[in-house]
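Written out below as structure tokens is the structure these notes cover.
Coordinate-derived values only; no laboratory data. Keep in mind that what you see is a predicted model, and the values were worked out from it rather than measured. With ideal geometry, Cβ positions are generated from the backbone for all residues, glycine too; neighbour counts draw on all protein chains shown.
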Amino acid sequence: MKREEVLKTAMDLVTKVRAQDYGNGSDTLDLSAEFIDTYLTRLDRPMMASDVAMINILQKIARSVHGYKEDNAIDIAGYAALYGELRAEENIEFEEFEDMMSLNKIVEPSGPSASVGDPSDKVVHLKPAESK
């Protein structure tokens, strides 16, 4: 498919089919932004891949406000399964990261390069984790 055909197809979908199914695209994106902003504001850890799955769920929920579409329900279920799988894996990794951060001592740089530049600009180095 040539780019002109891609653009024509996208224009037809956005201005006709999608507008009919989901209403004004701007309104849906505004609602998605509110959902995502609330989610990210309350996130108490670094963002991870599972959070992208959750953001996709939130976008599907915003689209669903305009009416039921089976595709949205299927996508939400798929993203939820992916979220659960990823989050379980990430939780283990994040706990290991937190353990490493709390067990290691912070070492200030030393040597000739340590005094170069602004002292508040020092790079912090972590000691390698010692085996338990």
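Could you quote the convex hull projected area for the stretch 3-104, Cα atoms only and averaged over all directions, in nm²?
Computing the convex hull of the Cα atoms and averaging its projections yields 8.7 nm².
Using the Cβ atoms and a cut-off under 14 Å, what net charge is assigned to the surroundings of Asp37, where Lys and Arg are +1 and Asp and Glu are -1?
Every neighbour counted, the sum reads -2.
So how much slack lies between Val65 and Asn91, counting 0.36 nm per residue of separation and subtracting their Cα-Cα distance, in nm?
Value of the extension gain: 6.2 nm.
Once phi is turned into ³J(HN,Hα) by the Karplus curve 6.51 cos²θ - 1.76 cosθ + 1.60 with θ = phi - 60°, what whole-Hz value does each residue of the stretch 44-52 show in order, with x for glycine and proline?
Values per residue, Gly and Pro as x: 9, 7, x, 5, 10, 4, 4, 5, 5 Hz.
Stretched out fully, how many nm does the piece from Asn24 to Lys8 gain, at 0.36 nm a residue minus the Cα gap?
3.9 nm
When the dipole is taken about the Cα centre of the stretch 1-69, and only Lys, Arg (+1) and Asp, Glu (-1) are charged at their Cβ, what size is it in debye, to the nearest 20?
260 debye
For the pair Arg42 and Lys16, what calculated FRET efficiency results from E = 1/(1 + (r/R0)^6), where r is the Cβ-Cβ distance and R0 = 41 Å, to the nearest 0.05?
FRET efficiency, Lys16 to Arg42: 0.65.
In whole Å, what are the extents of the stretch 13-67 along the principal axes defined by its C-alpha atoms, from largest to smallest?
Taking max minus min along each principal axis of the Cα atoms, the stretch 13-67 gives 40, 17, 16 Å.
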